[in-house]
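For reference, the structure discussed in these notes is given below.
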Amino acid sequence: MSLPQSRHLVTEVPGPRSRALMARKLAAVASGVGTTMPVFAHRAAGGIVEDVDGNRLIDLGSGIAVTTVGNSAPRVVEAVTEQVAAFTHTCFMVTPYESYVAVAEALNRLTPGDHPKRTALFNSGAEAVENAVKIARSFTGRPAVVAFDHGYHGRTNLTMALTAKNMPYKHGFGPFAPEIYRAPLSYPFRDGKEVDGEAAARRALLLIDKQVGADNLAALVIEPIQGEGGFIEPAPGFLPTLAEWCRAHGVVFVADEVQTGFARTGDLFACDHEGLVPDLIVTAKGIAGGLPLSAVTGRAEIMDAPHLGGLGGTYGGNPLACVAALAAITAIEEEDLAGRARQIERLTKDRLHRVQGTDARIGDVRGRGAMIAVELVKAGTTEPDPDLARAVAAAAHRQGVIVLTCGTYGNVLRFLPPLTISDALLTEALDVLQTAFAEVPA
């Protein structure tokens, strides 16, 4: 790579050029558009982001799980460069092109289940979730949709209704789309050992049956591992029990794998972990190596329910994004990045568990693959400590490590390194994180 894969600080973070650009941002960009770090990127490759001041930062965020195959991955760059010279856009609904079809074929092959499938391509995760709901309603003729506590599904009107967290995603933006209901999630850290996966599912299904009714329900939409909600992994048995109930009642089971998909969790899809086969699966983020693309893939009879022209969009399945996706998928398969994600999990969890052993403020270490989180609490309790999460993240940022926070209570640090990151770079980032914990007073 032309960009050295090492952390290197030449100024304080943020440096003078980033501060100048931030002043311009505040004057020109709507104030509702925030940033996690006050630094401006100049270039990025692999697991490093270099800012405009020349500081090289270790990337444990991957643009929120997008640059799974590494930033500026050579296969992706080569494919996009060739495509941009051929044509940039025709609109697939006007004059189609092969790469869209090839992406659909790849997703039909790779997603869980060996039943006949169809795929439709869109731009963002939220757009794909919204289309999954449209498809489910068209197929079932029913209006209602159930989502879950702590879930995040996007920022459009419908997906805001599905999203659980008020601030900053929903506050002041209502009224929201109707016929959206919420059920309790399995949350092992907070449920306790007495509530296993099946018991948590029965709890949710009782509420759904009483407050919604299966005959009114088009779809159940759930992230196999919650993303923005705090990287919450439901207890074993929770998801299969929900899926079985959906099959018995003609409800479309929709797995939102926007953040978990494409080897991120150590399986190609998080559903694979328990052999779960959703009716529809929604993908985005890691699908195209940094270009905007999303998809809904599912059972042919469900996907084919909408009338001709009922699905689409001007930019959906843009040719640049499609060739990037094909390149990223090739990298994931040929370089066994799912296996690499499992290696990252072992290294990361081992270090975080050791830190937890000496710091009672780390209430839980959880996640799979390269999707790992720590939930921070007041020492000796389960009371969320969002101030600690912000302070540790800020300390890491100052030392050149990009780390993100999340969680309904704002008390979770999440780690989403690119799957191509080296052990040495990841270890250095964890060293910085451990120091950050030590520097923040209890």
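Please report, to one decimal in angstroms, the Kirkwood hydrodynamic radius of region 200-272 built from all distinct Cα-Cα pairs. Working shown, then result.
Details: mean 1/r = 0.0770 Å⁻¹.
Computed over Cα pairs of region 200-272, the Kirkwood hydrodynamic radius comes out at 13.0 Å.
Which ³J(HN,Hα) values, rounded to whole Hz and listed in residue order, are derived for region 376-392 from phi using the Karplus coefficients 6.51, -1.76 and 1.60 in 6.51 cos²θ - 1.76 cosθ + 1.60 with θ = phi - 60°, glycine and proline given as x?
Karplus values, whole Hz, x for Gly and Pro: 9, 9, 5, 3, x, 9, 10, 5, x, 10, x, 5, 5, 4, 5, 5, 5.
Based on the Cβ-Cβ distance of Leu206 and Arg354, what FRET efficiency does E = 1/(1 + (r/R0)^6) give at R0 = 41 Å, to the nearest 0.05? Could the numbers behind the result be given before it?
Working: r = 41 Å, r/R0 = 0.99.
E between Leu206 and Arg354, to the nearest 0.05, is 0.50.
So what's region 211-360 giving for Cα Rg divided by 2.2 N^0.38 Å, two decimals? Don't jump to the answer; show the numbers that get you there.
Working: Rg = 17.8 Å, N = 150, 2.2 N^0.38 = 14.8 Å.
Working it through for region 211-360, the quotient is 1.21.
Positive end of the dipole of the chain, charges at C-beta (+1 Lys, Arg; -1 Asp, Glu), about the Cα centre: which of Ala23, Ile232, Val146 has its Cα farthest in that direction?
Ala23
Just going by the charge dipole of region 75-334, with Lys and Arg at +1 and Asp and Glu at -1 on Cβ, which of Pro175, Pro116, Asn157 is farthest out on the positive end?
Pro175
Listing Lys117, Lys134 from the residue with the fewest other Cβ atoms within 10 Å to the one with the most, what is the order?
Numbers: Lys117 21, Lys134 18.
If I rank by nearby Cβ atoms, fewest first, I get Lys134, Lys117.
As a test of the formula, what do you get for the chain when each DSSP H run with n ≥ 4 contributes -39,500 (n - 2.57) and the sum is divided by the residue count, at 222 nm and rounded to the nearest 500 deg cm²/dmol? Kindly include the intermediate steps, with their values, before the conclusion.
Working: 14 runs with 168 residues, N = 442.
Computed ellipticity for the chain at 222 nm equals -12000 deg cm²/dmol.
Which three semi-axes in whole Å describe the equivalent ellipsoid of region 26-155, each the square root of 5 times a Cα gyration tensor eigenvalue, listed largest first? The partial results should precede the final answer.
Working: eigenvalues 206, 112, 53 Å².
Semi-axis lengths for region 26-155 are 32, 24, 16 Å.
Rounded to the nearest 0.05, what FRET efficiency is calculated for Glu78 and Asp304 with R0 set to 41 Å and r the Cβ-Cβ distance? Walk me through the numbers before you get to the answer.
Values: r = 35 Å, r/R0 = 0.85.
Step by step, r from the Cβ atoms, then E = 0.70.
Looking at the square roots a ≥ b ≥ c of the eigenvalues of the Cα gyration tensor of region 387-430, which shape do they give, rounded for a/c under 1.5, prolate if a/b is larger than b/c, or oblate?
Values: a/c = 3.24, a/b = 1.64, b/c = 1.98.
Oblate, because a/c is 1.5 or more while a/b does not exceed b/c.
Cα-Cα pairs above 17 Å in region 55-111: how many percent? Write out the running numbers ahead of the final one.
Numbers: 975 of 1596 pairs.
I get 61 percent for the Cα pairs in region 55-111 exceeding 17 Å.
Alpha carbon centre of region 233-275 versus region 327-405: separation in Å?
For region 233-275 versus region 327-405, the Cα centre distance is 22 Å.
Give me the Kirkwood hydrodynamic radius of region 75-334, using the inverse of the mean 1/r over all pairs of distinct Cα atoms, in Å to one decimal. Write out the running numbers ahead of the final one.
On the way: mean 1/r = 0.0538 Å⁻¹.
18.6 Å is the Kirkwood radius here.
Measuring from label point to label point, each 7 Å out along Cα→Cβ, what is the Asn157 to Thr435 span in nm?
5.0
With +1 assigned to the C-beta of every Lys and Arg and -1 to the C-beta of every Asp and Glu, and no other charges, what is the dipole magnitude of region 128-230 about the Cα centre in debye, to the nearest 20?
260
Which of the residue pairs Lys165/Lys349; Lys170/Lys210; Lys25/Lys170; Lys210/Lys378; Lys117/Lys349; Lys25/Lys285 have a Cα-Cα distance greater than 31 Å in the structure shown?
Values: Lys165/Lys349 27 Å; Lys170/Lys210 26 Å; Lys25/Lys170 24 Å; Lys210/Lys378 37 Å; Lys117/Lys349 36 Å; Lys25/Lys285 25 Å.
Correct reply: Lys210/Lys378; Lys117/Lys349.
Give me the percent of DSSP beta bridges within region 75-334 that run antiparallel, rounded to the nearest 5. It would help to have the intermediate numbers written out before the result.
Working: 10 of 24 bridges.
Percent antiparallel among DSSP bridges in region 75-334 is about 40.
Quick one: compute the contact order of region 338-442, relative version, from alpha carbon pairs under 8 angstrom and 6+ residues apart, as a percent.
Values: 157 pairs, mean separation 26.4, N = 105.
Value for region 338-442: 25 percent.
Relative to a virtual label point 7 Å from the Cα of Thr314 in the Cα→beta-carbon direction, which members of region 274-300 show backbone nitrogen distances below 17 Å?
Taking a point 7 Å out along Cα→Cβ of Thr314, the residues of region 274-300 whose backbone N falls under 17 Å are 292-293.
What is the dipole size for the chain, taken about its Cα centre, with +1 at each Lys and Arg Cβ and -1 at each Asp and Glu Cβ, in debye to the nearest 20?
On the way: 40 positive and 48 negative charges, 193 e Å.
In total the dipole reaches around 920 debye.
If you average over every viewing direction, what projected area does the convex hull of the Cα atoms of the chain give, in nm²? Kindly include the intermediate steps, with their values, before the conclusion.
Numbers: hull surface 83.9 nm².
Convex hull of Cα atoms, orientation-averaged projection: 21.0 nm².
Express in whole angstrom the spacing between the alpha-carbon centres of region 96-131 and region 187-229.
Region 96-131 and region 187-229 have Cα centres separated by 27 Å.
Among Gly317, Ala424, Gly410, whose Cα sits farthest toward the positive end of the charge dipole of the chain (+1 at Cβ of Lys/Arg, -1 at Cβ of Asp/Glu, about the Cα centre)?
Of Gly317, Ala424, Gly410, it is Gly410.
From the P(r) of region 110-239, could you give the percentage of C-alpha pairs in the tail past 21 Å?
Details: 3807 of 8385 pairs.
The calculated P(r) of region 110-239 puts 45 percent of pairs beyond 21 Å.
Throughout, read-outs are computed from the coordinates displayed, never taken from laboratory work. Predicted, not measured: the structure shown is a model, and the values here were computed from it. Every residue, glycine among them, receives a Cβ derived from its backbone with ideal geometry; neighbour counts consider all protein chains shown.
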